[in-house]
Amino acid sequence: MSEISGTSGDVVWQSCPPGSIYDSIRVATFSLGPDGLVDRWSRRAAELFGVTAAEVEGRDPIEVLLAPGARGRGHRRIADVLDGKEWTGLVPLRSSGAYGAEGVAEVFVMPTESAAGERGALCIVTDIRALRGIETDLAASQAIFGQSPFGFLLFGTDLRVRRANQRFATVFGGAVDDHRGRTVHDYLSRSEADRMDASLRRVLETGEPAIDLQIVGAPPGGTERRHWSINLYRVHSAGGRPIGVAGVGHDVTRRQVAAREAASARRNLALLNEASARIGNSLDLETTARELLDVAVPGFCDLASVDLYQSLLTGDEAPPGRWDAPRSGSYGGGSAALRRVAFASAVSDSPLITTPGCGSRGGTPTAVGEVHRYTFNSPCANALRTARVQFIAGQDGSLVQSTLAVPMVAHDSVVGLVQFSRTKGSEPFGERDRALGVELAARAAVCIDNARLYRREHERALILQRSLLPPGDPEAAGLDIACRYLPGNAATEVGGDWFDVIELPGHRTALVVGDVMGRGLRAAVAMGELRTAVRTLALLDMEPAEVLSALDEVARGLGNPVGAQQASRVAHKSRDADLSEVYLATCVYAVYDPVTRRCTFANAGHLPPVLVEPGKEPLLLDVPPGMPLGVGGEPFEEVEVDLPEHALLALYTDGLVESRDQPLDEGLRAFRAALTEPPRPAPGRGAAPAAPAAPAPSISSTPPVPRPPAQSPLSSQPSRPMPVPDLSRSLEDVCDHVLTALDTRHGEDDIALLMARVRGLPADAVGDWLLPREPRSVGRARELARGLLVSWQLEPLIDTVELLVSELVTNALRYGEGEIRLRLLRDRTLVCEVWDSGLVQPRRRRARDTDEGGRGLQLVGLLSAAWGSRRTPRGKTVWFELALPDGDTATEPTVDQLLSMF
């Protein structure tokens, strides 16, 4: 601004500072007197022409300023001016003066007249070169300002609009001049105008420009929100003084929309990437639903819930896509029964919400775990029925602004519904959000359907596995039996653990525990085949080592359809056999004789049995660990152990003691310690409840690798004394205590536990005699049997036993060798055994009508409940079994049955 030097009335006198417009256009003046000579010469004229006042005053200006060739025309022009005519023309400058090189001056001569009537002239001179430059600059400035595609505003120092271009007027309406004098508050909302005003003041005060200032507003008369990018900079005069602020703005709404869409796409991709990593890590339906909501809330929505068909959760099989199936929980039913399995909210203390128009109980919110139905014509039911997304607007007074009801579709079947809701104040759902919601629901649906299929197959495998285990509580002569089988939980596959209790002739019992390597249905099927083979081999009354050898052949043939024997030969000839089809299993097989209380063990790579004798510490039986079944090539050894009365024998699988985080020695020691510890009293019975055990480590299903007995921990003794076990406890309590103490409830591997308490046959329940090899031994045998049955008060069986004993002893005399041994055993049934040294096994045949003999074994088979023969180390044994009178007494044979023998 110009400096104020003084005032007089309404006149303001100012001094012109350097850099004014007059400096730029180089205006100079001089005057001519009546005689045509210079009488006044300004300082600017001296600077412009390079001639001082002393050199020109009183002289003819034509002679001083013009070249000789132009002086004639100059004198004529001076004369015309003195006659009262104005004149404008171009005059070449003779010297450069203080302004630069020589040029051309434009001279405007105006006639003057003094008070006395004397005529003169006033001459105004400008440098035409500077004037043309100013004109060019003004034209260029006007072109840029007026023709710019950007809105242009010039604010004065009072922050009012001094000038606006046509582009700005086109956007905000009116003519260009209509915007002069306005402020930013005339164009923007209060908050945006205050922010713009603060930026203008800051630029005006500091001189620092504001670059890319983002302003949001709507043009006058419009409702669409627009985004502008404003650049502000301070404007100075030629002398450097601030004269205002210039603002250039352009519409960046499209760029903002594109940036918002790009950010939304990046967010959606990040959500999908997170969904891929977090959804489906579990094979549990409810967990998968919660994983979906953990991803969606709050990254995608504020509230969300997941409903699954009740039939899917209960395992019912219904045709997909039918809402009117007979069962209420059928898939695809728009109004079928659903269960709310998950709910998540990012709103603090928000209650459960009800989707408008979808309530099933008068608008009452549905809690997690509750079974409900959507009304038939509701948006949620339509989404389920049509498998299409439904957009549901929020109601007045509701927390929810909008909801996306997205059906969960997997393999062309609807398995449930997920609802994504955004509260008021959040950005409404768009088309991209709809696509993202469908993708999230589809990924979760596939995982849920996979979990459903896995659960179904797992349950089927468990049914198969349990069907192959002994039904009910096994019973054995001379043994109290307790067993436990714990399958893995639903997150793991079924395993191949099994146990069996097999009754053998002579009241003997075979105890079997095994484990097939691997998991899944293949392992369960292999376990069933091996268990069936064990029962078949056991009923042939083979020795334990022979049973395992035959079982090894069976295991080697499981993975080859050509049969066990050919598979065995191929395995020996080719070391490059496909090991993926080899079934490996471990097994321990024991035969217990209640008369002698002797148990014969054979081991195929399994963990050793544990024996707890009265008054002694638990002991790992040193049974030689042979190779696992399916390896082949190595014989199996047998070990005989005499078991004292009331001793405890435990057979188990590796899931009970083996862990990746716990050495096998520690697991076995913990097992032995659990067998010696007394059961903990139940809470509330005078003892404080025990603290919950830490989670058990995961358990490997791989059978242990056999090691030499001298280095194997299987034969190691406890490193320090253990408490003496209390064998008076119930065997069931011992099993429960072991499983609880070892914290086997983690369910990471199958567990089989078979425990037997020795309870041998009493001496008065056994009759054992040696008979000489002579005919009168038949009568002696009848007498001994009769006397013992009388002492046992089994008189109803005397006639039958005498008859059958006579037949067996007679056959031993006729076809056998060596001494004859007769033994009667009474337990749950009556067993009669006849031993001799002959190796020829009796064979039942049908006698011809003319034969006098050959009907003895037919009679034995007809009158007894069961009969058979088995080899012994020194001959054979022929036996028969009868039910006791208070049991299921065999009926007398009919006449037709007797005649059928002839």
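Throughout, read-outs are computed from the coordinates displayed, never taken from laboratory work. This structure is a prediction, so every number in the text was calculated from the model and none was measured. Backbone-built Cβ (ideal geometry, glycine too); neighbour counts: all protein chains shown.
Order by neighbour count: L808, L540, fewest other Cβ atoms within 10 Å first, most last. Before the final figure, lay out the partial values.
Values: L808 28, L540 13.
Ascending number of Cβ neighbours within 10 Å: L540, L808.
May I ask you to sort S191, S730 by Cβ crowding, counting other Cβ atoms within 10 Å and putting the fewest first? Don't skip to the end; give the middle numbers.
Details: S191 10, S730 13.
By the 10 Å Cβ count, ascending: S191, S730.
Considering amide H positions built from the backbone, and no H for Pro or chain starts, which residues 5 or more places from A105, or on another chain, come under 5 Å of its amide H?
Excluding prolines and chain starts, which carry no amide H, the hits are V91, L93, I128.
By how many nm would the segment from A367 to L159 grow when fully extended, if each residue of separation counts as 0.36 nm and the alpha-carbon distance is taken off? Before the final figure, lay out each step's value.
Working: separation 208, 0.36 × 208 = 74.88 nm, distance 6.05 nm.
Extra length from A367 to L159 when fully extended: 68.8 nm.
Which semi-axes, in whole Å and largest first, does the equivalent ellipsoid of the stretch 149-251 have when worked out from the alpha carbon gyration tensor as the square roots of 5 times its eigenvalues? The partial results should precede the final answer.
Working: eigenvalues 95, 46, 27 Å².
After scaling each eigenvalue by five and taking roots: 22, 15, 12 Å.
Starting from one equal scatterer on each C-alpha and no solvent at all, send me the Debye-based log10 I(q)/I(0) for the stretch 363-490 at q = 0.09, 0.14, 0.16, 0.17 Å⁻¹, two decimals.
-0.46, -0.76, -0.91, -0.98
Using the Cα centre of the stretch 70-181 as the reference point, and only Cβ charges (+1 on K/R, -1 on D/E), how large is the resulting charge dipole? Debye, rounded to the nearest 20. The partial results should precede the final answer.
Numbers: 14 positive and 13 negative charges, 48 e Å.
I would put it at about 220 debye.
In which sequence would M627, M110 go, from the one with the fewest C-beta neighbours within 10 Å to the one with the most? Walk me through the numbers on the way to the answer.
Values: M627 19, M110 15.
Listing M627, M110 from fewest to most nearby Cβ atoms yields M110, M627.
What FRET efficiency comes out for T170 versus F391 if R0 is 45 angstrom and r is the Cβ-Cβ distance? Round to the nearest 0.05. Write out the running numbers ahead of the final one.
Working: r = 38 Å, r/R0 = 0.84.
For T170 and F391, the calculated efficiency is 0.75.
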